[in-house]
Amino acid sequence: MSSMQRRLSQLLGAWRWKRRLKVSLNPATGFYCRTFCSSTAEPVDPIEIHRRKLFLWFSHLPQEEKQFGGYFSPETMHVDPLILERTAEEMIGLLSSPLQSHTSSSHSVTVEQLFEPTDVWSEGRGLNVLLYGAVGTGKNTVVRKLVLDWCSGIALTHFKLLVPFSCEDLGQLSKSASLRDLVSRKYLHLKKHPLLSGEGNQAKDVLFLFNGIEKMKLDFRIGATELCSDPNEALPPGVVVVNLLRKYLLPEASILVTTRLSALDRIPQKYVSRCAQICGFNDPDRQRAYFTSRLLQQSGETNHEAQALIELLYLNLQRESQLATACFLPSYCWLTCATLHFLHFTDAKAPIRTLTGIYTSFLRLNFGGEVLGKGTRTDVPIQEHHNSLMLYVVRTVGKLAFDGVTYKRTSFSEKELEQWIGGKTKTDEELRQLAVFRTDVLDFFLAPCVQSGKHFPEQPSENDERRYVFAVPEMQEYLAALYVVLGENKSALEKLTRQVSVAIGQASEDVSAIVNIFSKFIPLRIFAVFNLLKLFPKLYEKISSHNKGSIARTMAAEMFRTEDSYNEDVLDQVEQSLLGVHGPQPQQYSEGQPFELYPIFMGGLLHYGNRVLLQQLGCSIQSTTVAQITNALRKYLVRELSKPQPPEELMDLLVLLYEFQNPRLTAEVLASIRTIRLTNIRMTSLKCFILSSVLSCTPASYHLDELDLSSCLLTHNMLQMLWPAFRHTHNLNLQFNSLGPESCILLRDLLLDPKSSIRSLQLCDNPLLESGACTLLEAFPKNQSLKHLSLMHTGLGDQGALELAERLQEHTGLQELNVAYNNIGDNAALTLVDACREHPSVHTVHLYLNPLSDVGKQSLYVRGVPKSHSGHRVKVLVSVTEGSDISEDWHPILRVIRENASSWDRERVKQQLKVFLRDLEWGRQQQQSLWKRLHFRRVEKGVQQTLQMLEKDTLPSSTGLSK
């Protein structure tokens, strides 16, 4: 059967089951209710009930999947990872050397093929299949899909009954129970099922599934674990599982066991009939199938943006980039999809999502509830110590990441890994924990470095040492931030004072009683030391507060590093690390690696939602720590923002405030900002949402003097997301954004909004056309806040200018109007200037770069002068000259041309500059005064320089000329 036919049959089977079930979903919690409603009577067959309940239980997706919009189900998003059957010799080799890639002659298999008849196992006995893999390779996903396929009748159809167990649950049971009690305890409907009775060979139709066997204390020694063949005999759960694997209890039953790499020796080889390793996605095609199954389901119809993202991803994977190495693990494919979904499919109506939250959820999915056990042989008693695996990761890999961020390094040698991760172990227990960690977890975070699409050699020479990098670059910054925020970088003195202070704090009132007792038996001088101990908690608080202040100072310093000011904003950097860089490589202004996400992650980790998830991982961040860092950070941010910041740094600051999710801090920091200039920032839906979210934290009375979003590639949909930000703005600059007539509907509504106070609206170089301008002018009767309106180079034409002249009197507050470079002729221009002259407040009209005749220009100058003393003069900017005199506004006209000519029609601008030179030459010839002639020469020189720069394509962003 082809893969496509198999896929269709899986979906059809799942659909049939879903059609037969009516699942009640609580919209508030998202948990499936375990109730069953049907138009027919409840089935009496226990197996049928079992299938239905298993399907519901295993169809439930974790909370982290909801950030993809809820379009997914286990059937549609599953991609089979590579599964290789292993021999005993290969398994020993895998255990011997972590952080190494292994090649073998093993062939790819499916889980169903592992249960096919084999000559190794005797007739009448079920198979014991061991399925193992490192963290992140997809063991739990494979198990979930296997159970769902059995429920749907797609896979393992020769087994009438599938009984899955969580070894984490079994390992926590303290009471003895029989096999049938263990089954009925979880599956009540199977309490008296004959397949589990042990009579005859009925158990041959049963498959037991034990997921995560490393979480149980299995001891196969005869002296430690008694034999049992009765399914009704009560024994400790570990003894029951051991007898099942020994084939002493229900020998006809088959068993599937999943475990980690470090626990392979927990089950002796003589009790394993077949063994297979889950190896993840070993080729770009599997990775692409995974990305397609997730990113293409944003809506019911084809999503062209998602398709383009998949193509860019596939190109990056085919280059054998570092991303391809990371995506060998399905977990990192999930992280890649989650990040791209966050960057490109932000929905203002969806729950708040942050980049820090994605990484925290990612670690919770892979390490939630995990403790660091010890890899021991079966002949050694096991003493489990419940140490948080995530906390161990922070103290080892996080320490390595922090050192790399501190010294601007992203790659590490094997010697450095040994130094930072295992260099200070002393006891046998620590060595065993380190061995388990290196075997199971280290490969999850670190991967061999890839340069120019080639791996380093397997056996490097003395001068060519193999180096390792974090599988995803952003993970280094996240772990370094977590290392700092958890206080793991404290000095030895600070850690000691913390321990003593906690001990004294726990003693509380008993301290005084103890001191009073000891004072009767010890000298007064020594007694003075005990009195000092009473004050120790205050001393610790002072030291602790100073440490939190240093964290805040580090965050502020890293946010505004001068050498990083020319880098792209962090969100663009994250996208480039996933999609690669296409075209010319960007110019690098700093020698060292920029770590601009590091302070942002530190801020995001202080958010309550992330702290809750970290608490579940065994990493606790106290509320007092958050308060101290926040108070110190506020001061440093306000101080740094008193200096002008480049647009990229300002965008990073907005991302930090968004990740922090602290409205009070955000409002207090923004209170010191009156201008936000994001010129040339490539705005996306996410960045627009971040800007609006951050400004929404401010009070209604807060207003920006200027919000500059020129040349930001804004679209109509982005304008809708920016609506809350616009309402906090006085001067709004939207130049060079390709906004069309449909955008004018939203801008019109913005001007009509009573809560907005737009005073200046700049729409230069947007193709609004006549229809868009007419829509915008509909706001004139009810809006009186607008003072300056720039419609330069928006395609108005004569009809647009005439419409503007007709409706100008409806808005009595307008003071300046810019309609330059709009293909406006003499008659329309004269009509518009006449309307401005009759207007009570308009004092300036920009009409340069329009095809006006010399007679028309002269008429415009005359029309600008009031007919009576009661009128006011309208300044008409048409050329650098006014008749035979220099226009007093020649410099603004020339500056505007210089700043915008690079995006305009070059020939049109050159022609206009030559007209200026002709006007200047004629005016200079009319002058008798030497001083005025010199002034004409100066202006001519400025125009000629602009013309030469335009011809050589060397126009600067600003002129620097003075009037």
May I ask you to verify whether Cys712 is open to solvent by less than 10 Å² (accessible area, probe 1.4 Å), touching a Lys or Arg at 6+ places or on another chain (Cβ under 8 Å) and in contact (Cβ under 8 Å) with a residue 12 or more places away in the chain?
-> yes
The lone exception for Cys275 - which of (1) farther than 14 Å from Glu85 by Cα; (2) touching a residue at least 12 places away in the same chain (Cβ under 8 Å) it fails | (1)
Going through the range 813-829 one residue at a time, which ones are at negative phi and open to solvent by less than 30 Å² (accessible area, probe 1.4 Å)?
-> Gly813, Leu814, Leu817, Asn818, Val819, Ala820, Asn822, Ile824, Gly825, Ala828, Ala829
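Conditions (1) over 26 Å from Asp45 (Cα atoms); (2) hydroxyl-bearing (Ser, Thr, Tyr), marked per residue:
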residue: Gln172; (1), (2): yes, no
residue: Tyr187; (1), (2): no, yes
residue: Leu190; (1), (2): no, no
residue: Leu196; (1), (2): no, no
residue: Glu226; (1), (2): yes, no
residue: Asn232; (1), (2): no, no
residue: Val239; (1), (2): yes, no
residue: Ala263; (1), (2): yes, no
Give the residue that is nearest to Glu370 (Cα to Cα), with candidates limited to residues of the range 150-168 that are open to solvent by less than 20 Å² (accessible area, probe 1.4 Å) and assigned to a strand (DSSP E or B).
-> Phe165
Of all residues making up the range 169-184, the number that are open to solvent by 10 Å² or more (accessible area, probe 1.4 Å) and more than 45 Å from the chain's Cα centre (by Cα) = 4
Matching option when the condition is at pLDDT 90 or above and touching a helix residue (DSSP H, G or I) at 6+ places or on another chain (Cβ under 8 Å), among Val143, Val135, Val79, Val147 | Val147
For the range 733-748, does any single residue satisfy the condition of being assigned to a loop (DSSP other than H, G, I, E, B), touching a Phe, Trp or Tyr at 6+ places or on another chain (Cβ under 7 Å) and within 18 Å of Ser685 (Cα to Cα)?
-> no
Scanning the range 262-278 for residues that are part of a helix (DSSP H, G or I) and open to solvent by 10 Å² or more (accessible area, probe 1.4 Å) gives Ser262, Asp265, Arg266, Gln269, Lys270, Tyr271
Of those in the range 185-223 that are among the aliphatic types (A, V, I, L, M) and without any contact (Cβ under 8 Å) to a residue 40 or more places away in the chain, the residue surrounded by the fewest Cβ atoms within 10 Å (Cβ to Cβ) is Ile222
Here are some residues: Leu173, Leu218, Leu182. Which one is closer than 26 Å to Ser59 by Cα and assigned to a loop (DSSP other than H, G, I, E, B)?
-> Leu173
Among the residues of the range 722-745, write down those that are of a type outside the set (Ser, Thr, Tyr), closer than 20 Å to Gly795 by Cα and surrounded by fewer than 19 Cβ atoms within 10 Å (Cβ to Cβ).
-> Gly740, Glu742, Ile745
Go through the range 798-823 residue by residue and tally those that are without any contact (Cβ under 8 Å) to a residue 60 or more places away in the chain, within 26 Å of Arg898 (Cα to Cα) and under 48 Å from the mean Cα position of the chain (by Cα).
-> 9
Matching entry among Ser106, Ser59 (being in contact with an Asp or Glu (Cβ under 7 Å, 6 or more places away or on another chain) and at pLDDT 60 or above) | Ser106
Taking the range 201-215 and keeping only residues that are under 48 Å from the mean Cα position of the chain (by Cα) and assigned to a loop (DSSP other than H, G, I, E, B), one is left with Gly212
Only one residue in Glu778, Glu803, Glu810 is surrounded by fewer than 20 Cβ atoms within 10 Å (Cβ to Cβ), in contact with a Pro (Cβ under 9 Å, 6 or more places away or on another chain) and acidic (Asp, Glu). Which one?
-> Glu810
Is it the case that some residue within the range 919-941 is modelled with pLDDT of 75 or more, under 45 Å from the mean Cα position of the chain (by Cα) and open to solvent by less than 50 Å² (accessible area, probe 1.4 Å)?
-> no
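The values are calculated or read from the model by the stated rules, or taken from the named source; none is laboratory data. Quick caveat: nothing in here was measured; it's all calculated off a predicted structure. Cβ atoms come from the backbone with ideal geometry, glycine included; neighbour counts cover every protein chain shown. Ligands, DNA and RNA are excluded from the accessible area calculation, which covers all protein heavy atoms including side chains. Shrake-Rupley method; radii C 1.70, N 1.55, O 1.52, S 1.80 Å.
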